[in-house]
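Quick notes on the structure that follows.
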Amino acid sequence: MVDLSETHRTDSKVRPSAGRASSVVRARSEVVGGDPALRFDGVVRRYGDHVALDHLDLAVVQGETVALLGPNGAGKSTTISLLLGLLRPHAGSVEVLGTSPRQAVSQGRVGAMLQTGSGSGLPSGVRVGSALQLVRRLYRRPAPFDLTVERAGIGALLGRPTHRLSGGQAQQVRFAVAIAGDPELVFLDEPTAAMDVESRRSFWRMMRQFGEEGRTILFATHHLQEADQVADRVVVVNRGRVVANGPGATLKAAVATRQVCFVSRRPDEHLLDRLEGVTDVTVRGTGVTLDSLDADATIRALVRSNVEFSGLEVTGAGLEEAFVALTGCDAAPDQGRAP
Amino acid sequence: MSALVAFERFEVARLLRSWKFLAITVGFPVVFYMLFLNDHSPGKVVDGTVTWRVYLMVSMCSFGALVAALNAGGSRLSTERSSGWARQLRVTPIPAWSYVATKVTASMVVILPVLVLVELVGMAFGGVSLGVASWFELTGLLWVSAIPFAILGVFVGFMVTAETAYPVVTALMFVLGYFGGLFNPVGHMSPSLQTAARILPSFHQASLGLAVLDHRGLGIEDALVLVAYAALLGLAVVWKHRVEESRGLA
């Protein structure tokens with residue numbers, strides 16, 4: 001379990017209002033300008049009776065690296081399938097690089113790393129190098145072979161038969177496959193699912209570098225830490241809807257960042273409410289919980305105020321708490337899952 | 001266009017580099033030819049003027065083509081669909097139909113050397129001797145008439161999963177081989193089995209080749225049945241491909 005809150009965890013619950021969180025964050029993201037790389041307008045996609053995407057709106061500007069964060073079944077893979085034209089929307093419209101998804105794909109302007117379940121996603125009976133060479137030749141203006149190999153860091157794997165790759169290595173090779181055509185826009189669906197911590201780190205480093213060359217990247221993940229650390233912007237989806245949208249830091253701020261808890265015999269709500277950084281005060285008998293935007297300042301003010309208190313605890317609201325608050329999903333799945 | 005050529009070359013190279021594929025595709029018809037050659041005396045006339053050694057050679061050419069097509073298409077295609085490679089190709093610039101087209105043509109490319117190899121075995125071990133023109137005519141005819149097999153292989157690949165591919169492919173190989181009269185002269189089979197044979201493409205494919213050697217000319221009925229099979233299976237593949245596409249699977 002990766003600890004996202006930089007402070008001491010307690011068992012106390014953080015549960016700010018989800019409505020407020022998303023409205024605060026949405027206002028900020030709309031400031032972003034530039035040419036659109038992709039656009040979802042009121043997209044609905046059903047599987048039988050199940051509504052996978054429920055009037056989803058999403059816009060990504062060229063050059064952005066955006067994380068699509070959500071629990072399993074939130075609609076992340078469906079979103080990516082629609083962006084690639086593998087699925088058609090039942091309602092609403094999808095636009096990619098100013099054209100239809102299929103058109104963008106056939107022009108070779110899009111690359112993708114899809115989820116493959118237990119399969120490698122690579123052709124059997126060939127070496128990594130020849131599979132990559134083939135993919136290059138399917139594009140009109142591919143990146144130089146050596147450059148793709150370097151970008152994906154798979155130099156050591158080129159001579160290896162595709163069935164002799166570990167899960168993590170296969171994913172690295174599939175990243176190379178995704179970028180072999182030198183695409184402007186790359187979709188990655190849970191790209192680090194089978195990787196260990198070390199390869200995950202180097203994978204994101206390479207992906208960031210690729211993004212810094214002016215590429216637009218949209219990746220789906222349910223690893224909160226990845227979304228926070230790697231993306232310029234995090235779009236949280238749940239049950240087929242966008243529930244929050246903004247930089248990871250803003251998402252965290254959107255849900256009262258810290259909670260300061262202590263026990264006090266005669267808590268004075270009015271006084272506590274005026275302490276620096278405090279946004280909300282909850283008193284239950286002798287138990288006091290202060291929501292604060294600046295826990296350090298609040299504690300300093302608390303000490304100066306001469307309020308007697310004991311059992312002081314500071315609970316962090318990391319992105320994980322934000323995620324829980326926004327999706328109402330208690331089991332935020334952030335285990336470094338082994339394949 | 002160069003993209004499709006690259007894809008085609010990749011597919012053919014991948015088939016020819018697979019020991020498993022080659023062992024099955026070449027092994028079955030060649031070994032069966034040697035095994036069954038002395039089931040009857042090789043010189044015995046079994047069909048019109050055609051002797052057993054020639055009949056079995058033509059039959060094993062058909063069988064080889066069938067085995068090649070079912071293994072190139074059926075097993076591999078289903079594996080690729082479940083591994084995610086087929087889907088990965090869908091997000092590259094090549095058109096959706098090219099996947100199916102490349103599979104069918106790759107099967108056709110590998111079928112040709114299989115035919116030639118079985119003919120060489122017939123020549124070397126069965127004592128088959130034909131005129132140069134007859135060899136070319138026979139080979140060309142058997143090759144073109146293997147198109148329904150190639151399409152069948154791809155169709156099977158779309159219908160089965162990676163787990164069910166092996167039994168289904170094996171069953172089809174032997175049903176089409178045995179009931180199509182490839183292991184025994186059709187004339188020696190019971191009337192009901194003879195009727196069954198006439199329904200199967202394998203019977204008509206071999207029959208097309210035998211008719212030429214028997215100087216019966218081009219078997220129009222055989223040709224029509226094979227064209228019908230190719231058309232029906234082709235439509236079935238297109239239908240299945242469309243269904244998968246609409247579900248985002250293909």
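Throughout, read-outs are computed from the coordinates displayed, never taken from laboratory work. This structure is a prediction, so every number in the text was calculated from the model and none was measured. In this analysis, Cβ positions are derived from the backbone assuming ideal geometry, glycine residues included, and neighbour counts consider all displayed protein chains.
Under 10 Å, Cα contacts only: if you run a Gaussian network model on chain B, which one of B:S41, B:S192, B:S98 comes out with the highest mean-square fluctuation?
Looking only at B:S41, B:S192, B:S98, the largest GNM fluctuation is found for B:S192.
Would you mind computing, in nm to one decimal, how far apart the modelled labels at A:V263 and A:N306 are, each placed 7 Å from Cα along Cα→Cβ?
2.4 nm
For peptide A:128-140, what's the mean number of Cβ atoms from other chains within 10 Å of each residue's Cβ?
Averaged over the peptide's residues, the number is 4.
Each label point is 7 Å from the Cα along the Cα-to-Cβ direction; what then is the distance between the points at B:A124 and A:H270, in nm?
Those two pseudo-labels are separated by 10.6 nm.
Please identify, among B:V237, B:V91, B:V26, the residue showing maximal mean-square fluctuation in a Gaussian network model of chain B using a 10 angstrom Cα cutoff.
Between B:V237, B:V91, B:V26, it is B:V91 that shows the largest mean-square fluctuation.
Which whole number gives the average count of other chain Cβ atoms within 10 Å of the Cβ atoms across peptide A:104-113? Don't skip to the answer; put the middle values down first.
On the way: counts 1, 5, 5, 1, 4, 1, 3, 2, 5, 2.
Counting Cβ atoms of other protein chains within 10 Å of each residue's Cβ and averaging gives 3.
What average number of partner chain Cβ atoms lie no more than 10 Å from the Cβ of the residues making up B:88-100?
6
Jot down the per residue volume, in cubic angstrom and as a whole number, of the convex hull over the alpha-carbon atoms of region A:64-130.
On the way: hull volume 10.0 nm³, N = 67.
Dividing the Cα hull volume of region A:64-130 by its residue count gives 149 Å³.
With N residues in the protein assembly as shown, what two-decimal value do you get for its Cα radius of gyration over 2.2 N^0.38 Å?
Output field value: 1.30.
Can you compute the modelled spin-label distance between B:L16 and B:L232, with each label point 7 Å from Cα toward Cβ, in nm?
Reported label-point gap for B:L16 and B:L232 is 3.4 nm.
Rounded to the nearest 0.05, what FRET efficiency do B:L112 and B:E245 give with R0 = 25 Å and r taken as the Cβ-Cβ distance? Could you check? Walk me through the numbers on the way to the answer.
Details: r = 31 Å, r/R0 = 1.23.
It comes out at approximately 0.20.
Mind running the shape call on region B:35-130? Use the C-alpha gyration tensor, a ≥ b ≥ c as the square roots of the eigenvalues: rounded below 1.5 for a/c, prolate if a/b tops b/c, oblate otherwise.
On the way: a/c = 4.05, a/b = 3.25, b/c = 1.24.
Taking the square roots of the gyration eigenvalues as a ≥ b ≥ c, region B:35-130 is prolate.
Could you tell me the ratio Rg/Rh of region B:2-246? Both radii from Cα atoms, Rh via Kirkwood. The partial results should precede the final answer.
Values: Rg = 18.0 Å, Rh = 18.3 Å.
Expressed as Rg/Rh, it is 0.98.
Would you mind classifying region B:1-63 by shape? Square roots of the alpha carbon gyration tensor eigenvalues, ordered a ≥ b ≥ c; an a/c under 1.5 is rounded, otherwise it is prolate if a/b is larger than b/c and oblate if not.
It is oblate, given that a/c is not under 1.5 and a/b is not larger than b/c.
Would you kindly compute the Cα radius of gyration of region B:97-211 and its largest Cα-Cα separation (Dmax), both in Å?
Rg and Dmax of region B:97-211, Cα atoms, are 15.6, 46 Å.
With point charges of +1 on the Cβ of Lys and Arg and -1 on the Cβ of Asp and Glu, referenced to the Cα centre of the protein assembly as shown, which listed residue (B:A86, B:S190, B:T161) lies farthest in the positive direction of the dipole?
Positive-end residue among those listed: B:S190.
Given an 8 Å cut-off on Cα distances and at least 6 residues of separation, report the relative contact order of chain B as a percent.
25 percent
Between B:W135 and B:T195, how high is the FRET efficiency from 1/(1 + (r/R0)^6) when r is the Cβ-Cβ distance and R₀ = 30 Å? Nearest 0.05.
0.40
Quick one: dipole size for the protein assembly as shown, taken about the Cα centre, charges +1 on Lys/Arg Cβ and -1 on Asp/Glu Cβ, in debye to the nearest 20.
In total the dipole reaches around 820 debye.
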